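**Student:** Pasting a structure below so you can have a look.
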Amino acid sequence: MAHDAYFFRSRRGLPQELVEAQQWIEGIARGHGLQFCETVFEMCDWEEINMLAAYGGFPTRYPHWRWGMDYIQMDKSYEYGLQKIYEMVINTQPAYAYLLDNNTLMDQKLVMAHVYGHVDFFTNNAWFQHTNRKMLDQMANHATRVRRHIDNEGQDTVETFIDMCLSLENLIDPHLPHIRRESGPGVREKEEARRAPGYARMPAKQYMDKYINPPEFLEAQKQRHADRLEQLTRFPEEPVRDVLGFLLRFGRMVPWQHDILSIIRDEAYYFAPQAQTKVMNEGWASYWHTTMMTRDILTDAEVIDYADHHSGTVAMRPGQLNPYKLGIELFRHIEDRWNKGRFGKDWVQCEDIAVKRDWDTGAGLGKEKIFEVRKTHNDVTFIDQFLTEDFIREQGIFTTEYDKSAGHFVVDSREFGEVKQRLLTMLSTRGNPAIAVTDANFANRGELELSHTHEGVDLQVQWAEQALGNVARIWGRAAHLRTTLDSKETVLTHDGSTFTVAHPGAPSKTKT
Amino acid sequence: MPLNIDNDVHRFKQIVRGRIRKDLRKHMSSSEIIGKERGRAVSVPLPQIGIPRFRYGENEQGGVGQGDGDKGDAVGGQAQPGQGQAGDQPGEHSLEAEISLEELAEIIGEELALPRIEPRGSKQVTTERDRYTGISRVGPEGLRHVRRTFREALRRQIASGSYVPSDPRIIPIREDKRYRSSKTRSQPQSSAVVIYMMDVSGSMGREQKEIVRLEAFWIDTWLRHNYKNVQSRFIVHDAAAREVDRDTFFRTRESGGTLISSAYRLCWELIERDYPPAEWNIYPFHFSDGDNWSKADTNKCLELLKADLIPAVNQFSYAQVDSDYGSGQFYEDLKGAFSDDERVTLSRVPDRDHIMDSIKELLGKGR
């Protein structure tokens, strides 16, 4: 068995009462229609669970100081009673879930019910289809490979390089595993495009010609053609969001560095779907733990404790959005709508508010619908498709903005369109700026140009400086980043030792 | 049994130490670090330990919230941009690294190349203590390590195939036996006393006192590292000297004149009364802006030093904190009288940035 290889201080099987609880809850979960693979529960003490949390859920990771930093942080906050990790489950087959050994029996049952929700989600949600379900072994392999490189190259050398790769960890394309990017035009299409005259006159009678084909129009067409020709000679032809992948293919690295970068990239892609479905995943698991706990599992004596802990997970701290809360409420909202038949053409076109308020066709499709939703959606499409004006109002959701003079966040708007837009922006970027490779032969000097799609918020320059330096070091030549700072078009440049900020048209500032 | 993560934790601590070392001069001249002294540890603020990423500037980005409130109302707490990313983005916060005073002293020692202090010959009393930390293959039966012995026996039996799971009988033979073994560690038993003297006359301002406070902290840290038992005594003086507690020492401000000899006399009285030089390592440190009242008093000081103080102490240290008013003459006087005496160290501290150099001058002789 694979999991015997991962040693904890001492492997402890579940005590009898938890073995029974697990079998019972597993049956209940299957009875509700959840489909999940084998789930292995492990008992851990709090040091172990903090370690696992620092390692992202896996008992073996490559050696790196940042796990140590995360661990110390978690250890401290547990010690001071600030936070406690209740459950952790990893997306593997079989799935592994960890139980904290000093939780009460009620807590353990709650966690188990919650975990079965997660495992059902991992197993069925489309965005997890391409994740490696043998990641436990894969991570251990990664660790072995990195250790070997450390033995050969020395710890400091390898660690420095890992730091560089990690600093670019967020430059991936989360959609990459799900689509086959169309290959660009072939040689023939390119040649045809190149030979084309560049502009075409619109058919027009001679006396109308200067109106229908004015010089500006022809000029614009020529320009477009020139741009197109320019694009055909550019590499890459289309912007590449998978910057890590691009560096992996074309960067200047020795083999061990190449291997490290591919490890970091693999792990980044493995974790990407979890970031893409955070709201849904937590919402789904919470939906099922409440359903199972309140309908099937709780004894009278446990109700108060349960209510206390559950309200802790879905609590809103003032002014913050809790993904557990948003997710569970939206799933319930969908279930309610489809139970009452509040969807489709008739519902959308109905304008009578009284009719709408009492609308109930008795369709009863709620359960079916939420299972379908958990299969096909990710957070962005989930919000895009199912967030409604009623929901925003009932839940009291608003957008916030930063008040510079007051130095804190203030309520900005409760308007449906704005809230939805803000949520979608937040969920689609997840705090990661959209950065793509746009030119690998910048200024015909083989330098790398990245472009940042500005979405209203500037990049943090000190961090960008260091990250860009790392791009340059991996690429082997200078790297440039096109972005917008203070509403001015800006090009940041790093050649591995010198950092320059230039505003096209203005003199540049150099910092060594 | 160690956890896998212990290595990573250790590595992280090394990095933290490296950072502290790199910015040691800054830390030594900042009050921040000593304000955070807690028992045997201090926390050191370290900005930006973390992995630099392309990311948005903080605080500018609006988010989404839930709850009551009208447009423009303050939102409690911090809205989280790109919510739910906790743990994925280390380094968002500046870090408070906790480090023990012991470790801090080691860093100072290594970085300033301070020699370990040799307690004076006659007083070099060390106690030897046996600590049972090792394991050996031979030893008296009374020290047999049962678990290790059992494990060795089990290992041997499994390897040789004589272990029967259904009848698990483990019989240790001679080669299996493991014993606790002791290591003798000698610890200096010596005690030291640090006598801080400070000029609190009108010319010593706030900044000068702060410098003294910082220097005293680092001196304490280093001496505690070298001696098992360190006591500190505090004397303030203007025209007259008196003994005070630590707190008063750093707060008192007088406006009188300056008679340095009063402090030296009191210091000698303290030593005579409480710290017989045969049993104690004695470290007087005197901080002043070097503006003594009269030439006559300076002569009295030099006599006191020559006749009584210096023969009795390990090292006499004088640090002159530059101020706008002081003439700084006293430094020159001492230098003239003791320039070739190993037992006297002199240092000038023009400003905070020179604290590190000053510590090196004061403690660099390893006495």
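**Student:** Check whether at least one residue in region A:121-139 is within 14 Å of chain B (Cβ to nearest Cβ) and either in contact (Cβ under 8 Å) with a residue 12 or more places away in the chain or closer than 20 Å to residue A:324 by Cα (or both), and report yes or no. Steps first, answer last, please.
**Tutor:** Initially, region A:121-139 is screened for residues within 14 Å of chain B (Cβ to nearest Cβ), giving A:136, A:139.
With either in contact (Cβ under 8 Å) with a residue 12 or more places away in the chain or closer than 20 Å to residue A:324 by Cα (or both) added as a condition, the list becomes A:136, A:139.
Yes.
**Student:** I'd like the full set of residues that are under 27 Å from residue B:328 (Cα atoms) and under 31 Å from the mean Cα position of the chain (by Cα), limited to region B:272-300. Show your work before the answer.
**Tutor:** First, the residues of region B:272-300 that are under 27 Å from residue B:328 (Cα atoms): B:282-300.
Within region B:272-300, B:282, B:283, B:284, B:285, B:286, B:287, B:288, B:289, B:290, B:291 qualify.
**Student:** Does residue A:79 qualify as being charged (D, E, K, R) and surrounded by fewer than 18 Cβ atoms within 10 Å (Cβ to Cβ)?
**Tutor:** Values: charged (D, E, K, R): yes; surrounded by fewer than 18 Cβ atoms within 10 Å (Cβ to Cβ): yes.
Yes.
**Student:** For region B:172-205, how many residues are of a type in the set (D, E, K, R), at pLDDT 80 or above and in contact with a Lys or Arg (Cβ under 9 Å, 6 or more places away or on another chain)?
**Tutor:** From region B:172-205, those of a type in the set (D, E, K, R) are B:174-178, B:180, B:183, B:185, B:199; that's our starting set.
Those still in the list that are at pLDDT 80 or above too: B:174-178, B:180, B:199.
With in contact with a Lys or Arg (Cβ under 9 Å, 6 or more places away or on another chain) added as a condition, the list becomes B:175-178, B:180.
Here the count works out to 5.
**Student:** What residue, among those in region B:328-358 that are hydrophobic (A, V, I, L, M, F, W, C) and farther than 22 Å from residue B:211 by Cα, is surrounded by the fewest Cβ atoms within 10 Å (Cβ to Cβ)? Lay out the reasoning, then the answer.
**Tutor:** Taking region B:328-358 as the starting set, the residues that turn out to be hydrophobic (A, V, I, L, M, F, W, C) are B:330, B:334, B:337-338, B:344, B:346, B:349, B:355-356.
Narrowing the set further to residues that are farther than 22 Å from residue B:211 by Cα leaves B:337-338.
Values: B:337: 17, B:338: 19.
Here the answer is B:337.
**Student:** Kindly indicate whether any position in region A:470-484 is at pLDDT 90 or above, farther than 26 Å from residue A:231 by Cβ and either within 12 Å of another protein chain (Cβ to nearest Cβ) or not in a strand (DSSP E or B) (or both). Please lay out each step first, then the result.
**Tutor:** To start, the set of residues in region A:470-484 that are at pLDDT 90 or above comprises A:470-484.
From what's left, farther than 26 Å from residue A:231 by Cβ: A:470, A:473.
Next cut, either within 12 Å of another protein chain (Cβ to nearest Cβ) or not in a strand (DSSP E or B) (or both) only: A:470, A:473.
Checking region A:470-484: at least one residue is at pLDDT 90 or above, farther than 26 Å from residue A:231 by Cβ and either within 12 Å of another protein chain (Cβ to nearest Cβ) or not in a strand (DSSP E or B) (or both).
**Student:** Please verify whether region A:319-326 includes one or more residues that are on the phi > 0 side of the Ramachandran plot and not in a helix (DSSP H, G or I). Lay out the reasoning, then the answer.
**Tutor:** Going through region A:319-326, the residues on the phi > 0 side of the Ramachandran plot turn out to be A:319.
Then drop every residue that is not not in a helix (DSSP H, G or I), which leaves A:319.
Yes, because at least one residue in region A:319-326 is on the phi > 0 side of the Ramachandran plot and not in a helix (DSSP H, G or I).
**Student:** Do we find that residue A:491 is over 21 Å from residue A:166 (Cβ atoms), away from chain B (no Cβ under 12 Å) and in contact (Cβ under 8 Å) with a residue 40 or more places away in the chain in this structure? First the steps, then the outcome.
**Tutor:** On the way: over 21 Å from residue A:166 (Cβ atoms): yes; away from chain B (no Cβ under 12 Å): yes; in contact (Cβ under 8 Å) with a residue 40 or more places away in the chain: no.
No: the conditions fail for residue A:491.
Quick grid of which residues meet (1) crowded, with 18+ Cβ neighbours inside 10 Å; (2) more than 14 Å from chain B (Cβ to nearest Cβ); (3) more than 25 Å from residue A:134 (Cα to Cα):
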{"position": "A:239", "(1), (2), (3)": "no, yes, yes"}
{"position": "A:257", "(1), (2), (3)": "yes, yes, no"}
{"position": "A:262", "(1), (2), (3)": "no, yes, no"}
{"position": "A:295", "(1), (2), (3)": "no, yes, yes"}
{"position": "A:301", "(1), (2), (3)": "no, yes, yes"}
{"position": "A:331", "(1), (2), (3)": "yes, yes, yes"}
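**Student:** Now a separate question. Could you count how many residues in region A:381-402 are facing chain B (nearest Cβ under 8 Å) and either among the basic types (Lys, Arg) or crowded, with 16+ Cβ neighbours inside 10 Å (or both)? Outline the logic, then answer.
**Tutor:** Taking region A:381-402 first, the residues facing chain B (nearest Cβ under 8 Å) are A:395-402.
Now drop any that are not either among the basic types (Lys, Arg) or crowded, with 16+ Cβ neighbours inside 10 Å (or both), which leaves A:395, A:397-402.
So the answer is 7.
**Student:** Okay, moving on. Considering only residues that are of a type in the set (S, T, N, Q) and either in contact with an Asp or Glu (Cβ under 9 Å, 6 or more places away or on another chain) or not in a helix (DSSP H, G or I) (or both), which ones fall in region A:198-245?
**Tutor:** Keep residues of region A:198-245 that are of a type in the set (S, T, N, Q), which gives A:206, A:213, A:221, A:223, A:231, A:233.
Listed by number, the residues that qualify are A:213, A:231.
**Student:** Which one of these does residue A:116 not meet: (1) surrounded by fewer than 22 Cβ atoms within 10 Å (Cβ to Cβ); (2) modelled with pLDDT of 95 or more?
**Tutor:** It is condition (1) that residue A:116 fails.
**Student:** Would you confirm whether any residue within region A:367-380 is of a type outside the set (D, E, K, R), closer than 30 Å to residue B:75 by Cβ and within 14 Å of chain B (Cβ to nearest Cβ)?
**Tutor:** Yes, because at least one residue in region A:367-380 is of a type outside the set (D, E, K, R), closer than 30 Å to residue B:75 by Cβ and within 14 Å of chain B (Cβ to nearest Cβ).
**Student:** Something else about it: What pairs come out if I take residues in region A:160-178 that are away from every other protein chain (no Cβ under 13 Å) and under 29 Å from residue A:129 (Cβ atoms) and pair them with residues that are assigned to a helix (DSSP H, G or I) and not hydroxyl-bearing (Ser, Thr, Tyr) whose C-beta lies under 6 Å away, six or more apart or interchain?
**Tutor:** Close Cβ pairs (under 6 Å, with a partner that is assigned to a helix (DSSP H, G or I) and not hydroxyl-bearing (Ser, Thr, Tyr)) amount to A:174/A:272; A:174/A:276.
**Student:** Checking the structure you have, find out if any residue of region A:56-65 is within 12 Å of chain B (Cβ to nearest Cβ) and in contact with a strand residue (DSSP E or B) (Cβ under 6 Å, 6 or more places away or on another chain).
**Tutor:** Keep residues of region A:56-65 that are within 12 Å of chain B (Cβ to nearest Cβ), which gives A:56-65.
Right, trim to in contact with a strand residue (DSSP E or B) (Cβ under 6 Å, 6 or more places away or on another chain) and you get A:57.
Yes.
**Student:** Which of the residues belonging to region B:242-266 are surrounded by fewer than 21 Cβ atoms within 10 Å (Cβ to Cβ) and among the hydrophobic types (A, V, I, L, M, F, W, C)?
**Tutor:** Within region B:242-266, B:244, B:250, B:266 qualify.
**Student:** Considering only region B:127-140, I want to know if a residue exists there that is modelled with pLDDT under 85, closer than 30 Å to residue A:430 by Cα and not small (Gly, Ala, Ser).
**Tutor:** First pass over region B:127-140, keeping only residues modelled with pLDDT under 85: B:127-134.
From the residues that got through so far, the ones that are closer than 30 Å to residue A:430 by Cα too are none.
No - not one qualifying residue is present in region B:127-140.
The values are calculated or read from the model by the stated rules, or taken from the named source; none is laboratory data. What you are looking at is a predicted structure, and each value in this text was computed from that prediction instead of being measured. Here the Cβ is made from the backbone with ideal geometry for all residues, glycine too, and neighbour counts use every protein chain on show.
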